[in-house]
Amino acid sequence: MNSSLKYIVVFLFVITLVGIGFSFSRFTTTVTNTGAENTLPPDIEFTVWALDSDAETVSLEGMTPGDSREIVIAVKNWKLEEGTPLISGYNQRVSLELETTGNLPLTFTLSENPAGDLVNMNRYGAVLYRSDNIEFVAQEPSTREYTLTVAWPGNMNAGKFKDEIDYIVLRLKAAQSQ
């Protein structure tokens, strides 16, 4: 009776394994792409533009302690297309993002033109700054002009900065809002 009990246990074990295999297979699905292959990115138009900005040609070359450079940046939610104004149809929140290597002790201030009011630049870590949001309203053409001042404080003149290089990258970050 002992050997037949072993055969029964082994038989039940094999039946259980086979049964579990079939039950799991019912819930296994392979997803395949049967649609047309589209290798082109979707045609999405970015509807906030930088206009007449000096940001494309700013050079920090030759800066020494006590120097500063001004970068004029204009942001708008419209553009001329074949002589006709094309205005964004979306409310948008836009921020200016500045990234630097942090090799030089540069300071950054952003002010709105023509009033000269300072715009808050939040610092994230040692090398990333982001302005407060600039709001644009749908179907209302608007141009906002800013001056970014990059300064090297005169008292930061240690010899260790003599052969250092630094650069800044300016980005516009935009998000659709309600």
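The values are calculated or read from the model by the stated rules, or taken from the named source; none is laboratory data. The shown structure was predicted, so the numbers you read here are calculated from the model rather than taken from an experiment. With ideal geometry, Cβ positions are generated from the backbone for all residues, glycine too; neighbour counts draw on all protein chains shown.
Only one residue in A115, A174 is closer than 23 Å to V72 by Cα, assigned to a strand (DSSP E or B) and at pLDDT below 90, so which one is that?
A174
Looking at this structure, is V169 modelled with pLDDT under 90, within 13 Å of F108 (Cα to Cα) and among the hydrophobic types (A, V, I, L, M, F, W, C)?
On the way: modelled with pLDDT under 90: yes; within 13 Å of F108 (Cα to Cα): yes; among the hydrophobic types (A, V, I, L, M, F, W, C): yes.
Yes: the conditions hold for V169.
So which residues in the range 93-152 are of a type in the set (K, R) and loosely packed, with under 13 Cβ neighbours inside 10 Å, if there are any at all? Quick ask: steps written out before the conclusion?
Narrowing the range 93-152 to residues of a type in the set (K, R): 93, 123, 130, 144.
If the condition is that a residue be of a type in the set (K, R) and loosely packed, with under 13 Cβ neighbours inside 10 Å, then R123 is the only one that fits.
Output yes when any residue across the range 49-64 is within 25 Å of I165 (Cβ to Cβ) and at pLDDT 85 or above, and no when none is.
yes
Looking at R69, R26, which is the one that is among the basic types (K, R) and modelled with pLDDT of 85 or more?
Working: R26 fails: modelled with pLDDT of 85 or more.
After applying the criteria, what remains is R69.
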